[in-house]
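K.L.:
Attaching a single structure in structure tokens format; questions to follow.
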Amino acid sequence: MDPAAVDTSTVRAQYAGYLEETGVDPQSRTETFVALQVFVDNWRWAGVPFFLRTGKMLPKRASEIAVQLKDVPPILFNTNPDDRLTPNVLSIRIQPDEGFSLEINSKVPGLHVNIDPAKMDFHYGAAFGGSSPEAYERLLLDVMVGDPTLFMRRDAVETAWRWVMPILERWSAQSDQPLATYADGGWGPAEADALIEATGRRWRKL
């Protein structure tokens, strides 16, 4: 990402009260929240935005990948401009409630045309009992048995850093600009909402 893209497509922030935490430098500019809009520069994903966000002191602990399909065109059951159908969504829950769900628009049984989202949901714990090991539990076991399957290769790590460093360098050059803030227990700063809403989208509720 070039500096102009970093300025328009990234948001970083600190939660209110972070600078008062024990051991934190009162002048710290370490972010506790990041949101980004990024693209994969190839023909398959051309024009498809990827929105990423992560942070501390959010309302809940959750790691999820959500694939939102294209908007439903305004035809057939979607002609009412005041009641548009929501896009279908495939969500893959990584932690703590491992599983996945597919949310699709479906006609409610009956004589009248009423389309509502229906959710098909799979929970790993409910299907197999118990819970899966924590990420580091699995990795530590793999270290002991010598299984490198889930570890990143050196060239992958170096490539990731080559992508991240221009962002960090641009942020470092903006040391005179105040960081955005968000409430402890909130979903992030208003700037992160503005980032995704500028494209006609919004963050998913987790």
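The values are calculated or read from the model by the stated rules, or taken from the named source; none is laboratory data. Treat the numbers as computed from the prediction; the structure is a model and nothing was measured. Positions of Cβ are backbone-derived with ideal geometry, glycine not excepted, and every protein chain shown enters the neighbour counts. The accessibility values were calculated without ligands, DNA or RNA, using every heavy atom of the protein model including side chains. Shrake-Rupley method; radii C 1.70, N 1.55, O 1.52, S 1.80 Å.
K.L.:
Let me confirm something: among Asp82, Asp7, Asp25, which residue is exposed (fewer than 14 other Cβ atoms within 10 Å of the Cβ) and in contact (Cβ under 8 Å) with a residue 60 or more places away in the chain? Talk me through it step by step, then tell me what you get.
P.N.:
Working: Asp82 fails: in contact (Cβ under 8 Å) with a residue 60 or more places away in the chain; Asp25 fails: in contact (Cβ under 8 Å) with a residue 60 or more places away in the chain.
Matching residue, one of Asp82, Asp7, Asp25: Asp7.
K.L.:
Hey, can you tell me all the residues within segment 174-193 that are touching a residue at least 60 places away in the same chain (Cβ under 8 Å) and open to solvent by 50 Å² or more (accessible area, probe 1.4 Å)?
P.N.:
If the condition is that a residue be touching a residue at least 60 places away in the same chain (Cβ under 8 Å) and open to solvent by 50 Å² or more (accessible area, probe 1.4 Å), then Ser175, Thr181, Ala183, Asp184, Trp187, Glu191 are the ones that fit.
K.L.:
I'm trying to understand the selection: among the residues of segment 155-177, which are under 20 Å from Ser28 (Cβ atoms) and of a type in the set (Val, Ile, Thr)? Walk me through it before giving the result.
P.N.:
Residues of segment 155-177 under 20 Å from Ser28 (Cβ atoms): 164, 167-177.
If the condition is that a residue be under 20 Å from Ser28 (Cβ atoms) and of a type in the set (Val, Ile, Thr), then Val164, Ile167 are the ones that fit.
The rows are residues; the columns are (1) within 27 Å of Val67 (Cβ to Cβ); (2) open to solvent by 60 Å² or more (accessible area, probe 1.4 Å); (3) within 26 Å of the chain's Cα centre (by Cα); (4) among the hydroxyl-bearing types (Ser, Thr, Tyr).
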{"site": "Ile94", "(1), (2), (3), (4)": "yes, yes, yes, no"}
{"site": "Val108", "(1), (2), (3), (4)": "yes, no, no, no"}
{"site": "Ala118", "(1), (2), (3), (4)": "yes, no, yes, no"}
{"site": "His123", "(1), (2), (3), (4)": "yes, yes, yes, no"}
{"site": "Ser132", "(1), (2), (3), (4)": "yes, no, yes, yes"}
{"site": "Ala135", "(1), (2), (3), (4)": "yes, no, yes, no"}
{"site": "Val145", "(1), (2), (3), (4)": "no, yes, no, no"}
{"site": "Thr149", "(1), (2), (3), (4)": "yes, yes, yes, yes"}
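K.L.:
Also: Given the structure, is Lys56 exposed (fewer than 15 other Cβ atoms within 10 Å of the Cβ), among the charged types (D, E, K, R) and in contact with a Phe, Trp or Tyr (Cβ under 8 Å, 6 or more places away or on another chain)? Let's see the steps before the verdict.
P.N.:
Numbers: exposed (fewer than 15 other Cβ atoms within 10 Å of the Cβ): yes; among the charged types (D, E, K, R): yes; in contact with a Phe, Trp or Tyr (Cβ under 8 Å, 6 or more places away or on another chain): yes.
So Lys56 passes the test.
K.L.:
If you don't mind, another one. Evaluate segment 159-175: report whether one residue or more is acidic (Asp, Glu) and under 17 Å from the mean Cα position of the chain (by Cα).
P.N.:
Restricting attention to segment 159-175, the residues satisfying the condition of being acidic (Asp, Glu) are 169.
Narrowing the set further to residues that are under 17 Å from the mean Cα position of the chain (by Cα) leaves none.
No: segment 159-175 contains no residue that is acidic (Asp, Glu) and under 17 Å from the mean Cα position of the chain (by Cα).
K.L.:
Another question about this same structure. Of everything in segment 43-56, what is over 19 Å from Lys70 (Cα atoms) and either aromatic (Phe, Trp, Tyr) or part of a loop (DSSP other than H, G, I, E, B) (or both)? Give them in sequence order.
P.N.:
Lys56, the sole residue that qualifies.
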